[in-house]
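The structure appears right after this line, and notes come after that.
The values are calculated or read from the model by the stated rules, or taken from the named source; none is laboratory data. This one's a predicted model, so the numbers in the text were calculated from it and none came from an experiment. Glycine also receives a Cβ, built like all others from the backbone with ideal geometry; neighbour counts cover every protein chain displayed. The protein model used for the area step is the full one, side chains on, heavy atoms only, and it has no ligands, DNA or RNA in it. Shrake-Rupley method; radii C 1.70, N 1.55, O 1.52, S 1.80 Å.
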Amino acid sequence: MPSISDVEGIIVGHWSDVSALTGCTVVLPPQGTVASCEVRGGAPGTRGTDMLQPGTLIEEAHAIVLTGGSAFGLATAGGVERYLEERGIGSEIGPVLVPSVAAAVIFDLGVGDPTRRPGSDEGYAACLAASTEVPEGRVGAGTGATVAKLWGPTRAVPGGLGTWAAVGGDDLVVGALFIVNAVGEVVEDDGSVLAGPRLEPGERREDLLEWMRVAGSTTIGVVATNATLSKPDTRRLAEVANDALGMAIRPAHTIFDGDTVFTLATRRVEAVFGDVATLIEPTVTTAIRRAVRR
């Protein structure tokens, strides 16, 4: 099955707590990978995103962490740093190698046990589990994900983790992995609802909109390519990916979402930005829809 690990050198690891309904997912790229990101929406929870913007000193990211646990879950990044440091992976800064680890969270504290959240040890465990096999659905950071929360948290339905990849000419590959925990619904290309609110007999979703009852949300993900891209172009790729997110989730990027897309360019294949960008929409939208089909 196509997945983000179709981009050579990318591996993915998960830690899941199926009783507390939370978890974390780590994407480990090969060394030398250029990284950037774009954050949209009004409720982000992130770590290390400023260093990924064009104009900053470090171009590489050594890991991307996607995690449950809301802001508490950002502690997973410390375990990922420990894992990388033990293996001599990082950027040389003075006398030490410092791993560049960026992270984003979803709010899953409204389901399961809100007192149990991923931390440093869980981030480390996800790294140990990393491989090219990428399971989908209620796994890793997608374990406690839910969608369609405009109608209140009791009407939300399961979200999850989805991944996909697309291939272009000259060995170009684009892969995506998304944790779908959105306020909005997940929709098909024709606008039909793939994952909407739970309804009682006779109810219509159009009559139930209650913005003030929205629980914490967010869709977070990683888009990777083997293309040789600059850091500014890798940032532009995140913008394209966030636009594609809005084609599969409606509404997207609301004040209640902290939608964040990380982009990775492993620089193995010569390609122009436009060729990469044309593969983004089908890859991102398919990954998002697969997250709720499982």
Checklist entry - How about region 120-152: which of its residues are of a type in the set (S, T, N, Q) and within 18 Å of the chain's Cα centre (by Cα)? => result 131, 132, 143, 146
Checklist entry - If you go through region 230-265, how many residues are open to solvent by less than 10 Å² (accessible area, probe 1.4 Å) and not in a helix (DSSP H, G or I)? => result 10
Checklist entry - Within region 125-149, which residues are on the phi > 0 side of the Ramachandran plot and surrounded by fewer than 22 Cβ atoms within 10 Å (Cβ to Cβ)? => result 137
Checklist entry - How many residues does region 150-180 hold that are touching a helix residue (DSSP H, G or I) at 6+ places or on another chain (Cβ under 8 Å), of a type outside the set (A, V, I, L, M, F, W, C) and on the phi < 0 side of the Ramachandran plot? => result 8
Next on the checklist: Residue pairs, Cβ under 6 Å, 6 or more apart or interchain, first in region 129-152 and touching a residue at least 60 places away in the same chain (Cβ under 8 Å) and of a type in the set (Phe, Trp, Tyr), second surrounded by fewer than 24 Cβ atoms within 10 Å (Cβ to Cβ) and in a loop (DSSP other than H, G, I, E, B). List them.
Outcome noted: 151/197; 151/208
Item to check | Selection status of residue 109, surrounded by fewer than 24 Cβ atoms within 10 Å (Cβ to Cβ) and touching a helix residue (DSSP H, G or I) at 6+ places or on another chain (Cβ under 6 Å) | outcome: yes
Item to check | 3 or more residues touching a Gly at 6+ places or on another chain (Cβ under 8 Å): qualifying strands (runs of 3 or more DSSP E) within region 1-88 | outcome: 11-17, 22-28, 63-67
Next on the checklist: Quick check on my filter: what residues within region 10-47 are open to solvent by 40 Å² or more (accessible area, probe 1.4 Å) and at positive phi?
Outcome noted: 21
Checklist entry - residue 77 is checked against (1) of a type in the set (A, V, I, L, M); (2) open to solvent by less than 10 Å² (accessible area, probe 1.4 Å); (3) touching a residue at least 60 places away in the same chain (Cβ under 8 Å) and fails just one. What number does that condition carry? => result (3)
Item to check | Criterion: at pLDDT below 95 and either over 12 Å from residue 290 (Cα atoms) or crowded, with 20+ Cβ neighbours inside 10 Å (or both) - qualifying residue of 167, 193 | outcome: 193
